[in-house]
Amino acid sequence: LIAGYDVGHNTEAFQTRFHIQPAHLKTGVYRRITGNEALAIGLITAAQKAGKPLFYGSYPITPASDILHNLANQKQFDVRTFQAEDEIAAMGSTIGAAFGGALAATGTSGPGVALKSEAINLALVLELPMIIVNVQRGGPSTGLPTKTEQSDLLQAMFGRNGESPIPILAPATPGDCFYMAIEASRMAVRAMTPVFI
């Protein structure tokens, strides 16, 4: 390690050096939270405000699995989670929960949205309120499952058969994820439609 540092220093391989000063934060309580954690808390909050149980049916897929894991630990808030055998079954269970009157949600990523597209059309035609979380990641298909970007937005907009418009909310920060989960729930129930986040 020292030899590598010495080579870089002696050959002046790195001409530009940056010195980052420590951040000066106001006194207070801070919490590190991811978008998936904030979204899970937002879904719970929306269900509590609506006076409905929260159902979350999902098939584990990176990077959306954390939502399922977070919600599975929140039974005290009338949260019901279902780990399905595949993406299509997860969407089917979410449709069933919406029929049953729960605040229904499902989550996935790019390839999972492709598998759920027919069932999403069914939910749209049946006017079932539900939240579909598309946790975005880079590249087509599997792509870069541990890195995220905006590439799945067009799939959320146009990835279904025929004309099936669905509202889409695109959060930019973990704070947005919390508030947009609540807003998506409100929109879904008010307009009787699936809503993408």
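The values are calculated or read from the model by the stated rules, or taken from the named source; none is laboratory data. What you see is a predicted model, and the numbers here were worked out from it, not measured in a lab. Cβ: placed from backbone, ideal geometry, glycine included. Neighbour counts: every protein chain shown.
What to note about this one:
- Selection count, segment 1-27, where residues are part of a loop (DSSP other than H, G, I, E, B) and within 43 Å of the chain's Cα centre (by Cα): 16
- The residues of segment 152-197 that are in a loop (DSSP other than H, G, I, E, B) and more than 14 Å from the chain's Cα centre (by Cα), listed by number, are 159, 160, 161, 162, 163, 164, 165, 166, 167, 192, 193.
- Within segment 94-130, being of a type outside the set (A, V, I, L, M, F, W, C) and over 18 Å from the mean Cα position of the chain (by Cα) holds for 96, 100, 101, 118, 121, 127.
- Search result, residues across segment 1-53 that are closer than 27 Å to residue 77 by Cα, surrounded by 10 or more Cβ atoms within 10 Å (Cβ to Cβ) and not aliphatic (A, V, I, L, M): 34, 35, 36, 37, 42, 45, 48, 49, 52, 53
- Taking helices (runs of 4 or more DSSP H) as the structural unit, those lying wholly within segment 31-127 and holding at least 2 residues that are modelled with pLDDT of 95 or more and hydroxyl-bearing (Ser, Thr, Tyr) correspond to 87-99.
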